[in-house]
Amino acid sequence: AAVARAGDAFGASLNWSRRGKDLDLYALYVDGAGREGACYYRRQGSLHAEPYICLTSGDQRGRETVEISRTAHFRYVLICAYSAVENGFGSFASFHAFVEVDNGDGSQVQVPLHSRNRYAYWVVIALVDLRTADRISVRHVERYSAPGSEARPVLYPDGSFQMDAGPVEFKTRPVW
């Protein structure tokens, strides 16, 4: 786990270098009251009102960014990525994908992907722990969905998470 001093805000970016392919950044979160939510292209959020998390640069080839404006409002943020079926077989590692978490005070933590899992549509990359007021803790958790699973991961109020347990937003059955 990497630790950085917390400010009032921080950002996390999903970066990749494979041309002509698109990944989608998801930030699953648990707020201080234990409520769970998700920030992504369909629910971009807001920095000035609840949920105080917003997808600020989405659907760009090679980089998507989420920002959190009030770190004290959150317990956990789970950084995930989705690779569309249109990307074809491959792995997140073949995209040279990584997450960069920036605490806004000059500290940046990069979390790479190492596994060559060719059939996963989802990957959970990093868990950001915000329970301590003066620091941001970033843990590399790299876990993949089951082959062909379209179900989104779920983040629980205690910071644990489960793959293949959330809603399916893109299709109802695998195309194999």
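The values are calculated or read from the model by the stated rules, or taken from the named source; none is laboratory data. Just so it is clear, the structure is predicted and the values come from calculations on it, not from any experiment. Methodologically, a virtual Cβ is constructed for each residue, glycine included, from the backbone with ideal geometry; neighbour enumeration extends over all protein chains shown. Side chains are part of the model used for accessible areas, which takes the heavy atoms of the whole protein and leaves out ligands, DNA and RNA. Shrake-Rupley method; radii C 1.70, N 1.55, O 1.52, S 1.80 Å.
Within the set of pairs 6+ apart or on separate chains, which have a first residue in the range 147-168 that is hydroxyl-bearing (Ser, Thr, Tyr), a second that is assigned to a loop (DSSP other than H, G, I, E, B) and open to solvent by 30 Å² or more (accessible area, probe 1.4 Å), and C-beta atoms under 6 Å apart?
149/164
I'm trying to understand the selection: among the residues of the range 74-111, which are open to solvent by 50 Å² or more (accessible area, probe 1.4 Å), within 15 Å of the chain's Cα centre (by Cα) and under 15 Å from residue 144 (Cα atoms)?
If the condition is that a residue be open to solvent by 50 Å² or more (accessible area, probe 1.4 Å), within 15 Å of the chain's Cα centre (by Cα) and under 15 Å from residue 144 (Cα atoms), then 98 is the only one that fits.
Let's see how each residue does on (1) surrounded by 14 or more Cβ atoms within 10 Å (Cβ to Cβ); (2) at pLDDT 95 or above; (3) over 14 Å from the mean Cα position of the chain (by Cα):
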position	(1), (2), (3)
19	no, no, yes
61	no, no, yes
64	yes, no, no
70	yes, no, yes
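Please pick out the residue among 165, 151 that is exposed (fewer than 15 other Cβ atoms within 10 Å of the Cβ) and at pLDDT 85 or above. Walk me through how you get there before you give the answer.
Details: 151 fails: exposed (fewer than 15 other Cβ atoms within 10 Å of the Cβ).
Going through 165, 151 in turn, the sole match is 165.
May I ask you to list the residues in the range 46-59 that are open to solvent by 50 Å² or more (accessible area, probe 1.4 Å) and of a type in the set (A, V, I, L, M, F, W, C)? Give the derivation first.
Let us first name the residues in the range 46-59 that are open to solvent by 50 Å² or more (accessible area, probe 1.4 Å), namely 48, 50, 56, 59.
Hits for the range 46-59: nothing passes.
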